[in-house]
1. Does segment A:49-72 contain any residue that is in contact with a helix residue (DSSP H, G or I) (Cβ under 9 Å, 6 or more places away or on another chain) and touching a residue at least 60 places away in the same chain (Cβ under 8 Å)?
2. Among the candidates B:E154, B:E85, B:E117, which residue alone is more than 16 Å from A:Q57 (Cα to Cα), part of a helix (DSSP H, G or I) and of a type in the set (D, E, K, R)?
3. Which pairs have Cβ atoms under 9 Å, sit 6 or more apart or on different chains, and link a residue in segment A:144-160 that is open to solvent by 10 Å² or more (accessible area, probe 1.4 Å) to one that is at pLDDT below 95?
4. For residues that are surrounded by fewer than 19 Cβ atoms within 10 Å (Cβ to Cβ) and free of Cβ contacts under 8 Å to residues at least 24 places away in the same chain, scanning just segment B:97-110, find the one that is nearest to the other protein chains (Cβ to nearest Cβ).
5. Of the residues B:D59, B:D92, which is more than 10 Å from chain A (Cβ to nearest Cβ), open to solvent by 20 Å² or more (accessible area, probe 1.4 Å) and in a loop (DSSP other than H, G, I, E, B)?
6. I'd like the residue in segment B:132-156 that is more than 9 Å from every other protein chain (Cβ to nearest Cβ) and in contact with a Leu (Cβ under 7 Å, 6 or more places away or on another chain) and, out of all such residues, is surrounded by the fewest Cβ atoms within 10 Å (Cβ to Cβ).
7. State all residues of segment A:11-47 that are within 14 Å of another protein chain (Cβ to nearest Cβ) and in contact with a Ser or Thr (Cβ under 9 Å, 6 or more places away or on another chain); if no residue qualifies, say none.
8. B:A168 - would you say it is open to solvent by less than 10 Å² (accessible area, probe 1.4 Å) and either in contact (Cβ under 8 Å) with a residue 60 or more places away in the chain or touching a Leu at 6+ places or on another chain (Cβ under 7 Å) (or both)?
Amino acid sequence: MTEMIATRAAYGETLARLGDVNPSVVVLDADLSASTRTAGFARRHPERFIQMGIAEQDMIGTAAGLAASGKIAFASTFAVFASGRAYDQVRNAVCYSKLNVKICATHAGLTVGEDGASHQSVEDIALMRAVPNMTVIVPSDAVQTAWAVNAAAMLDGPVYMRLGRAPVPVIYGEGQEFALGKAQTLRAGNDVTIIACGIMVSQALAAAGALAEQGIGARVLDMHTIKPLDLDAVLTAAVETGAIVTAEEHSIIGGLGGAVCEAVCELHPAPVVRVGVRDQFGKSGKPDELLAAYGLTVDDIVGAARRAISMKTAAGRTI
Amino acid sequence: MGRALLATPEELRAKARDIRKHVVRMVGAASSGHPGGSLSAADIVTVLYFNEMNIRPNDPEWPERDRFVLSKGHAAPVLYAALAEAGYFPVDELITLRRIDSHLQGHPSMRSTPGVEMSTGSLGQGLSAACGMAIAAKLDGATRRVYALLGDGELEEGQIWEAAMTAAHRRLDNLTAFVDANGLQIDGPVAEIKSMERIGERFAAFGWHVVEVDGHDIAAIMAALAEARRIQGRPTVVVARTVKGKGVSFMENQVGWHGTAPKPDQVQAALAELDASGEGGDAR
């Protein structure tokens, strides 16, 4: 059986280890350190852990000041607060100033579960992607999260990393190649490409398996870096497969689906069907129930793939 | 290009007059900008840059420098004038304020202008950044100090009070904040917009050491800074009572001069008045 680990857990462990080897790393949290898992860093490096209390705007501004003094500042809270409550601080103090602040936001998306809409960020990728100088990363599993955290620490500039609450299957093994801004191809196929991020990557792999049983070859790309987007991978997918599905635990507006549509329209127009939250707020429920209620299941991806392929075929007939 | 430290109130007053003249000329040339809150802060900024702060204008990134954060970022002209006079960039560049090809943005940008320590302009954010800089200095075991300048209208932003809590909780005695309490904001007197009386008591209740001064009394500003250096375990706020538009009589205490540029004849009148106030001093 596949091992299940939440990306926030991998973040916390990686961060604590990073603190061992990099004395410039400081960590800020806004009264959620047990949930965001920065508590592990706090135990190992209490002098470099800055508890900000329930004050997300002040946390991001303080992180900017630390970064302006040579620190690599990791700031964590829930995604809905990091991207929304503190948006102007992220925009002006961090991104306009191009500072080394790594906003690692946990409890992203619907799978926060029972806490409901006030705590379910479905628009954070869109908000963070729109700000100049920001790099946006959405890791899909625990192993990739560790790679991404270390890569973010090495990158000179602001980062928004979107992490989840619920355990997700481990996809990667140690020693695989990872680079920010470069999609990882998890499955080959030439009939349709499924471009996914975060928790939807494992769903995309399951969907590709189901499509294979129907004789459809689905390529699967893990687009862990939403910005800068891997344009080569998107273009190649559009040219070689002619049909694309995007899958994300986020609004279909402005997130991965939006980014892929923008790129495909400009580079090589092809049908794109977006699997995501359809301009709605979330609600309380268990993670699996929510994914089903909002159309984010393996079956939804399979259906979207078939629609994308039929659109490609219809377009081919009209030419 | 080194900075000449000015030791006496008389020398600092002359420098403040030069800086006020730059503000008037810059904003006039740009036909845009914020003269009122720049002129009210001119004496505070002058004392910081020419007497108080440990800086190396010819080495702006020197890690052990003191930091200044202009939280009321619309007073950028007074900051730019002080930076140029201190030697961070040529004084003749001041006149390019707000132009398309200038490094002098309408509000301070740390990636554009040497000596600017934090990009500000969206009010309420600078004190948090200053706290981060003060925490970093403590982490480094360094003696460098951090200064922030806030407006009294700006205190209406909630983030200021979040940061005030942070500074007190973390005992940031290397942090000194000034409130340029000129009593006016864009839509009218602060007292009518959202009353901000007893600023000192508010900060004291948050755990700060409070000094109240006349923000145009150079010696009093110097004494307040000396007092802040002696205070241990607490940040200091200097509540400086100021006159918006100070030094240009037709701008003084006039709400309309918050964000309005003087016309050429008004620039000349203002410069003449500032020159006269210096009794033939060395202002250029």
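1. The answer is yes; a qualifying residue exists.
2. Step by step, each of B:E154, B:E85, B:E117 is checked, and only B:E85 is more than 16 Å from A:Q57 (Cα to Cα), part of a helix (DSSP H, G or I) and of a type in the set (D, E, K, R).
3. If the second residue must be at pLDDT below 95, the pairs left are A:W147/A:Q176.
4. B:H103
5. B:D59
6. B:E154
7. Selection gives A:V27, A:L28, A:D29, A:A30, A:D31.
8. When the stated conditions are applied, B:A168 does not pass them.
The values are calculated or read from the model by the stated rules, or taken from the named source; none is laboratory data. Remember, it's a predicted structure, so these values are computed and weren't measured experimentally. Don't worry about glycine lacking a Cβ; one is built from the backbone with ideal geometry, like all the others, and counts go over all protein chains shown. SASA here: full protein model, heavy atoms, side chains in, ligands and nucleic acids out. Shrake-Rupley method; radii C 1.70, N 1.55, O 1.52, S 1.80 Å.
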